[in-house]
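The values are calculated or read from the model by the stated rules, or taken from the named source; none is laboratory data. Here the structure is a predicted model, which means the values were calculated and not measured. Cβ placement follows ideal geometry from the backbone for every residue including glycine, while neighbour counts extend to all protein chains displayed.
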Amino acid sequence: MPERFGSVVLPNLTLHSGKVLKEARVAYSVNGTPRPDGSNVVVVCHALTGSHHVAGEPVPGLPDAWWDAVVRPGGALDTDRLCVVCCNNLCSPYGSSAPTDTEPGTDHPWGMNFPVVDPHDAALSQKKTLEEIGIDRVAGVVGGSLGGMIALEWAALSAGTLDFAVVLAAPLRLYPQAIAFNGVQRHAITSDPDWKDGAYYPAQGPVKGLANARMLAMITYRSEESFVRRHMRESRNIDEWKGRFDVESYLMHHGKLLTRRFDANCYLYLTKMMDLHDLGRNRADAEAAFEPMRRKNFLTVGINSDILFPAWQVQEVAEAASDAGVRAAYREIRSDAGHDAFLLEVEQVSSILKEFFSSIGFM
């Protein structure tokens, strides 16, 4: 069955901050057929600039599917047997409520008037969306990077109605270096004269600032080994200012690509969402978040070459879960691809997922 798309509107979504987001729209996709009891439903949470288009053919208005080697018939998330649901994150420009939308009661976009949203809010909006489409219980949740942070909150919110969680390349809380990377990216955007305090619509806005932000992000998504292997010191006319090293061209290319498909204000909000990630926030501590998951199954997957969220930070998640009485395990992707290995090393990811599902008797 091909991927199906839809959206729901939540009249009043109370956020972690206490603010209420009115008419919160959440876009979603469904791959596979859910059982009435939800026992084959797996929620997949996407990363920073991804979307709910997880698998399948290109869809107008959405970026290419980002995990179709994993979510497919016969894959690790086998859509012949499972129902995989993915919701577009709040603040993303691909269908869910975001700064690009018209603010209720006005005739202009939200811009920077949109309320700040954290991973807890994203998870809550997704849980309520599944309830709206008739899915009250899910088997498990899987997410990587920002999606992993949202998956952690999903697990904390839904411990009574799910059996497992898988978190790839995401920490228990954001550490200072990752916050610093995000802060510099936001500064690149807000320093662009075309940002105009976020009120740049209907113009495209701070294109140069967004491109520069993405260039920095791409450095954190890769590793030194991958840059050496792919680029080393290859160059074109570096003795002149118009020349450049190949690695510079690579970064500039990816910066321009993002400006063609993403909104700068959305990027600000989503990086802020990452900064606010702390599973212990508004709880006694991070371990308290895991206590409702006692005797449930939990897997964290680190990446040996990840400089954004180093493997030790991901292993810390498994340790905190285990200390709280959760059946937690840690596995590691071995790759020089860096943080993006959870997207690129599909054979390793598939093998790890299949091994985990087999160990807990799922599928």
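Within region 146-162, is even one residue in the same structural domain as R295 (by TED's automatic domain parsing), polar (S, T, N, Q), modelled with pLDDT of 95 or more and in contact with an Asp or Glu (Cβ under 8 Å, 6 or more places away or on another chain)?
Kept after step one, since they are in the same structural domain as R295 (by TED's automatic domain parsing), are these residues of region 146-162: 146-162.
After this cut, where a residue has to be polar (S, T, N, Q) as well, the list is 158, 161.
This time we only want the ones that are modelled with pLDDT of 95 or more, so: none.
No, every residue in region 146-162 fails to be in the same structural domain as R295 (by TED's automatic domain parsing), polar (S, T, N, Q), modelled with pLDDT of 95 or more and in contact with an Asp or Glu (Cβ under 8 Å, 6 or more places away or on another chain).
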Task: Test result for A329, among the aliphatic types (A, V, I, L, M) and touching a residue at least 40 places away in the same chain (Cβ under 8 Å) - done: no
Task: Verdict on S97 being surrounded by 24 or more Cβ atoms within 10 Å (Cβ to Cβ), under 29 Å from Y221 (Cβ atoms), in the same structural domain as H53 (by TED's automatic domain parsing) and under 15 Å from the mean Cα position of the chain (by Cα) - done: no
Task: Qualifying residues in region 1-24 (those that are assigned to a strand (DSSP E or B) and of a type in the set (S, T, Y)) - the one surrounded by the most Cβ atoms within 10 Å (Cβ to Cβ) - done: S7
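Every residue, every condition in (1) modelled with pLDDT under 95; (2) touching a Lys or Arg at 6+ places or on another chain (Cβ under 9 Å); (3) β-branched (V, I, T), yes or no:
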position: A76; (1), (2), (3): no, yes, no
position: L82; (1), (2), (3): no, no, no
position: N89; (1), (2), (3): no, no, no
position: G95; (1), (2), (3): no, yes, no
position: T106; (1), (2), (3): yes, no, yes
position: W110; (1), (2), (3): no, no, no
position: N113; (1), (2), (3): no, no, no
position: V117; (1), (2), (3): no, yes, yes
position: I133; (1), (2), (3): no, no, yes
Open item on the list: On the basis of being surrounded by fewer than 22 Cβ atoms within 10 Å (Cβ to Cβ) and of a type in the set (S, T, N, Q), does T129 make the cut?
Closed with: no
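Take region 84-122 and flag every residue that is assigned to a helix (DSSP H, G or I) and charged (D, E, K, R).
Scanning region 84-122 gives a single hit, D121.
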Task: The one condition in (1) part of a loop (DSSP other than H, G, I, E, B); (2) touching a strand residue (DSSP E or B) at 6+ places or on another chain (Cβ under 9 Å) that A27 fails to fulfil - done: (1)
TODO: Look through region 182-210, keep the residues that are surrounded by 18 or more Cβ atoms within 10 Å (Cβ to Cβ) and of a type in the set (F, W, Y), and return whichever of them is farthest from I333 (Cα to Cα).
DONE: Y200
Open item on the list: touching a residue at least 12 places away in the same chain (Cβ under 8 Å), among the acidic types (D, E) and in contact with a His (Cβ under 8 Å, 6 or more places away or on another chain): is that true of E3 in this structure?
Closed with: yes
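With within 27 Å of V71 (Cβ to Cβ), touching a helix residue (DSSP H, G or I) at 6+ places or on another chain (Cβ under 7 Å) and surrounded by 19 or more Cβ atoms within 10 Å (Cβ to Cβ) as the only criterion, which of H277, H254 stands out?
H277
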- [ ] Residue by residue through region 338-361, note down the ones that are outside any helix (DSSP H, G or I) and in contact with a strand residue (DSSP E or B) (Cβ under 8 Å, 6 or more places away or on another chain).
- [x] E345, I360
Task: Selection count, region 273-308, where residues are among the acidic types (D, E), more than 29 Å from S359 (Cβ to Cβ) and either in contact with a Gly (Cβ under 6 Å, 6 or more places away or on another chain) or in a helix (DSSP H, G or I) (or both) - done: 1
- [ ] Report, by residue number, each residue of region 104-141 that is among the acidic types (D, E) and either closer than 18 Å to A203 by Cβ or in contact (Cβ under 8 Å) with a residue 24 or more places away in the chain (or both).
- [x] D107, D118, D121, E132, D136
TODO: Would you check if L268 is aliphatic (A, V, I, L, M), more than 23 Å from C45 (Cα to Cα) and not assigned by TED's automatic domain parsing to the domain that holds S17?
DONE: no
TODO: State the number of residues belonging to region 309-325 that are modelled with pLDDT of 95 or more, assigned to a loop (DSSP other than H, G, I, E, B) and among the hydrophobic types (A, V, I, L, M, F, W, C).
DONE: 1
Task: Members of region 1-24 that are within 21 Å of T100 (Cβ to Cβ) and out of contact with any strand residue (DSSP E or B) (no Cβ under 9 Å at 6 or more places or on another chain) - done: S17, K19
- [ ] Check L308, L299, L268 and return the single one that is surrounded by 15 or more Cβ atoms within 10 Å (Cβ to Cβ), touching a residue at least 24 places away in the same chain (Cβ under 8 Å) and under 23 Å from K208 (Cβ atoms).
- [x] L268
TODO: Collect the residues in region 192-218 that are closer than 22 Å to L276 by Cα and out of contact with any Gly (no Cβ under 6 Å at 6 or more places or on another chain), keeping them in residue-number order.
DONE: D197, L210, A213, L216, A217, M218
